[in-house]
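The values are calculated or read from the model by the stated rules, or taken from the named source; none is laboratory data. Bear in mind that the values here come from a model prediction, so they are computed numbers and not experimental data. Here the Cβ is made from the backbone with ideal geometry for all residues, glycine too, and neighbour counts use every protein chain on show. Calculation scope for accessible area: heavy atoms of the full protein, side chains included, ligands and nucleic acids excluded. Shrake-Rupley method; radii C 1.70, N 1.55, O 1.52, S 1.80 Å.
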Amino acid sequence: VAAALPDITDSVIIDGFGAGVPTLVGLPDVGSAEAYTPTIEIDGRSTTNADGLRLTAGTSTIRGLSITGFDQSGIEIAGGTGHTIAGNYLGINSGLGFQPEDVAGWWTGDNTTNDFGGTNNGTLMNGATYAPGKVGTAFSFDGVDDILTIAHSASLNATTAVSLSAWVKPTLASGNTFKTIITK
């Protein structure tokens, strides 16, 4: 996209999944990322001061889109009511999951400690292993001392704003004890 897209001013259905994927408000857990990989990508890296999609009226359904590279909102709801926004990839693309030049590191836990965003491969320590995850395989930690370590690298130093994310599924409640998810 070379310029900001026009506002969506009427009710629309934009379905990037197409036929065969259930039309639910939420998406069921089927254990496969491929089942819900968007087929439509809107890349806003060539725009300035733009939103991906801007809903200003109506009741719309937006699902199965990959909206990346915009410097404002991926989807902005500026008006209307009862919109359904589900199963979209916002800020990441549907192929690799991100633009490699935009991330410092990405560790999937998919039976490897390799860094898919760079060269900062990790090492499982103290009995950490793999287990079935939300999509594919995930890291499995015992909550006591298991860790994934990544050696210091200047490429992992935050020089400006930074975003960190992790999908976490705790299996044991431990009162008011909080566990570290990410640290540097």
ask   = Under the condition of being modelled with pLDDT of 90 or more and acidic (Asp, Glu), which residue from segment 1-21 is most open to solvent (accessible area, probe 1.4 Å)?
value = ASP10
ask   = Can you tell me which residue in segment 106-149 is nearest to ILE182 (Cα to Cα), limited to those that are in a strand (DSSP E or B), modelled with pLDDT of 85 or more and open to solvent by 60 Å² or more (accessible area, probe 1.4 Å)?
value = ILE147
query = Within segment 36-43, is there a residue that is at pLDDT below 85, over 26 Å from THR160 (Cβ atoms), in a strand (DSSP E or B) and open to solvent by 30 Å² or more (accessible area, probe 1.4 Å)?
reply = yes
key: The lone exception for VAL30 - which of (1) of a type outside the set (Ser, Thr, Tyr); (2) in contact with a Phe, Trp or Tyr (Cβ under 9 Å, 6 or more places away or on another chain); (3) at pLDDT 65 or above it fails   = (3)
key: Evaluation of TRP167 against (1) aromatic (Phe, Trp, Tyr); (2) open to solvent by less than 80 Å² (accessible area, probe 1.4 Å); (3) at pLDDT below 80 (one fails), failing number   = (2)
